[in-house]
Amino acid sequence: MKVDYLILGAGFTGATLAERIARELGKRVLVVDRRNHIGGNAYDEYDPSGVLVHRYGPHIFHTQSKKVWDYLSRFTEWRPYYHRVRAMVEGKAVPLPFSLASLRRLFSERLADRLEEKLLTHFGYGSRVPILRLKEAQDPDLRFLAEYVYKNVFEGYTLKQWGLRPEELSPSVTGRVPILVSYDERYFQDPYQAMPKEGYTALFRRMLDHPNIKVLLGADWKEVEGEVRFHRLIFTGPMDEFFGYLHGPLPYRSLRFRLEHHPQPWFQEVGTVNYPGEHPFTRITEFKHLTGQDLLPHTTVAYEYPEAYTPGENEPYYPVPREENEERLRLYQEEAAKLKTVLFAGRLGDYRYYNMDQAVARALKLFEEVARG
């Protein structure tokens, strides 16, 4: 088989690039994925009870980019949805990100008033204050709040999720879980927030529905390497795997999910509840909140268990952002720069902790470079 572009990976990065290259450049594209489905980790499907479940954990679409929003809107209608998350702290379900509303759930009115006043004075309404920054505050009340949130919300969850203490991770990770100086209980504050009306898999089918695109599933990239002739290769899998772990493996974190069906309309009050304490799982997600299937008389939830990534045994979900890993990544980037016909992109290909919209934005930018030749 001969194609212009061979794209390895049918997730957001691979599908976006395939669609743009096929539609805008008129090039022939073969998309290969070793899984038996398109959509990467955003893949969703109906379980036996009719609940639309996200097989690889909850994927909530949100973005600040109108460009990304407009692009994906070509392939789906949207269902308005604001994700809400609770964390179990001292037996109480409190809003996340930790906010002024969270103060009211946990502390006396007098203490909550004092802490709110100081947060507003020091940072201003609407601010997002990283927890590690708040720990450096001079004010004793703010330091108390920082230590409380760090211990009861942040530290335990981070240890389970990453196998590392918060201080051992890049600020790009620790900054994702701030204290929010407002009463906004939405988990995200981006201007564009919604869920694909028919699900993510339907969105991907439309993206890849073009006569210039062929899709091969259930095939490892090494199996087709010698069978397909191509002009350029776009690789969205792990960069270290591509180079045969020449400079040693780049570490990733993986996840394991346990789905439970319940013969009742609802299991919990919001889409996701985090468990930063003693439980082995980090969170429980109830999919009906996400999909809007309110009329179903039953529900399905997913328990999420982080674990170490072992090639061949589980999936690499998250690059581990640490300076020592950046040094190894630079060695692989130097190898990649030597290749004239291979491009790397995506969460695994770039070794970057992208959200879905960031993966699409990266793919659109890379397409512009490809289009310029």
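The values are calculated or read from the model by the stated rules, or taken from the named source; none is laboratory data. From a predicted model like this one, the values you see are computed outputs, not experimental measurements. Cβ: placed from backbone, ideal geometry, glycine included. Neighbour counts: every protein chain shown.
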Can PHE281 be described as farther than 21 Å from GLU45 by Cα, assigned by TED's automatic domain parsing to the domain that holds ARG34 and out of contact with any Cys (no Cβ under 8 Å at 6 or more places or on another chain)?
no
Which one of these does MET195 not meet: (1) within 30 Å of ALA146 (Cα to Cα); (2) buried (at least 19 other Cβ atoms within 10 Å of the Cβ); (3) at pLDDT 95 or above?
(1)
For the range 297-373, please list each of the helices (runs of 4 or more DSSP H) lying entirely inside it that holds at least 2 residues being surrounded by fewer than 16 Cβ atoms within 10 Å (Cβ to Cβ).
323-337, 356-371
Out of (1) of a type in the set (D, E, K, R); (2) over 23 Å from HIS62 (Cβ atoms); (3) assigned to a loop (DSSP other than H, G, I, E, B), what's the single condition that is false for GLU185?
(2)
Residues (within 16 Å of ARG133 (Cβ to Cβ), assigned to a helix (DSSP H, G or I) and free of Cβ contacts under 8 Å to residues at least 24 places away in the same chain) located in the range 154-182:
THR158
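Which count do you get for residues in the range 1-30 that are closer than 18 Å to LEU203 by Cα and more than 22 Å from the chain's Cα centre (by Cα)? Show your work before the answer.
Filtering the range 1-30 for residues closer than 18 Å to LEU203 by Cα gives 9-23.
With more than 22 Å from the chain's Cα centre (by Cα) added as a condition, the list becomes 20-23.
Of the residues in that region, 4 qualify.
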Among (1) assigned to a helix (DSSP H, G or I); (2) under 21 Å from TYR187 (Cα atoms), there is one condition ARG86 misses while meeting the rest; what is its number?
(1)
Selection within the range 62-90 - modelled with pLDDT of 95 or more and within 21 Å of GLN268 (Cβ to Cβ):
HIS62, ARG79, PRO80, TYR81, TYR82, HIS83, ARG84, VAL85, ARG86, ALA87, MET88, VAL89
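Of all residues in the range 140-180, which are closer than 17 Å to LEU111 by Cα and either over 24 Å from the mean Cα position of the chain (by Cα) or at pLDDT below 90 (or both)? Steps first, answer last, please.
So in the range 140-180, the residues closer than 17 Å to LEU111 by Cα come out as 140-149, 179.
Of everything in the range 140-180, those that are closer than 17 Å to LEU111 by Cα and either over 24 Å from the mean Cα position of the chain (by Cα) or at pLDDT below 90 (or both) turn out to be PRO140, ASP141, LEU142, ARG143, PHE144, LEU145, ALA146, GLU147, TYR148.
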